[in-house]
1. Given the C-alpha centroids of region 190-219 and region 281-353, what is the distance between them in whole angstrom?
2. What is the spin-label model distance, in nm, from residue 61 to residue 236 if the labels are put 7 Å beyond Cα along the C-beta direction?
3. For region 290-356, how big is the tail of P(r) above 20 Å, as a whole percent of Cα pairs?
4. Cut-off is 10 Å between beta-carbons; in what order do 29, 340 appear when sorted fewest neighbours first?
5. Identify which of 174, 191, 70 has the largest mean-square fluctuation in a Gaussian network model of the chain, with springs joining Cα atoms closer than 10 Å.
6. Once you have the Cα-Cα distance between residue 30 and residue 183, take 0.36 nm times their residue separation minus that, and quote the gain in nm to one decimal.
7. Can you give me the orientation-averaged projected area of the convex hull built on the Cα atoms of region 226-379, in nm²?
8. Go ahead and set up a Gaussian network model of the chain, Cα springs under 10 Å, then flag whichever of 27, 257, 175 fluctuates most.
């Protein structure tokens, strides 16, 4: 039996022998690096809103209802979730690059809508467009990186992808907070968004290459090597949807953990800044807390993604969910800037254990022929967590107070980790 190699060449009948496609990170480092940069711009776009937009709700539009204030995250989450599903399915059917470029076109109006908003409806509309941008662009950069690296180093590849996106989100959140403190809530904090959107669009149109052929090559290689999953390579969309959502115990575990993870992320995004300013923190302090969480999350993923390639996926996911619940608990059981900063850091470490590992686990289970669709379904449920989390946190905050809402989401996060520990099997 011939041994597997990290880099596999297509047979001469499939592609020209003058420039054969290769799978692997080193073989595709230039395109991989470019996609990392593109995803940094994707993350920077959503970072524009992490600090300032919840504060605009009351300062500029007089909104006091927490559920109404968090409506911009609900709209963002629903649209992003559906855009993920679209991106995954149509990436398998028409290719990745066209979806990526379309996503950047939706990003262009976002900063202008927020800058010139005359009512809260403008902000909600901006977030509808931002949700499409994030769903299409982030999904395709994930799928394209998985295409390029092949079956090896998936965890490391996803760690790099999420590192770039969330480091840029963190820096953008920090920068917008300080711009808001210095120049006001609008327009200064959102001017960088114009540069982010244009840069992402230009790179995607002129420099990013299609990677669908790499996925097809991996699928062919799995058939040649009699991979156990090759018999299930041809599935309908409905079959893939139910397999990812419920029928496969590993994909179900991953999908529910991703959803709960983004439930608490949506809560931190929309509710925590409002509560912290009511507790007497300055805009600069809130910006630092809002930036430390994704900052620690992003940098830690450089390590956690690679470690999941050696330690496995299951217990890193379960431990990450439990650590998130501890970080959230610190916001409830203690008070003060430094305690809350520590809670944000713990939340970031816990999320870093979970985020790239979840994507790697989906890639472990899904066949190359329908992997993009499965990733899209997983990301549908994961990002629906933004909407569910923001809606739940808003309703609970209006009914029982903001700190009770935070505690409830933290408890749900702990339970999600228990589900992973009880139901999921190791996928590596």
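No value in this document is a laboratory result; all are computed from the given coordinates. Quick caveat, the model's predicted, so the values are computed rather than measured. Neighbour counts are summed over all protein chains in view; Cβ atoms, including those assigned to glycine, are modelled from backbone coordinates with ideal geometry.
1. Their Cα centres are 29 Å away from one another.
2. Calculated label separation equals 4.2 nm.
3. 26 percent
4. Lowest count first: 29, 340.
5. 191
6. Computed gain between residue 30 and residue 183 is 51.2 nm.
7. Result: 9.9 nm².
8. Residue with maximal mean-square fluctuation among 27, 257, 175: 27.
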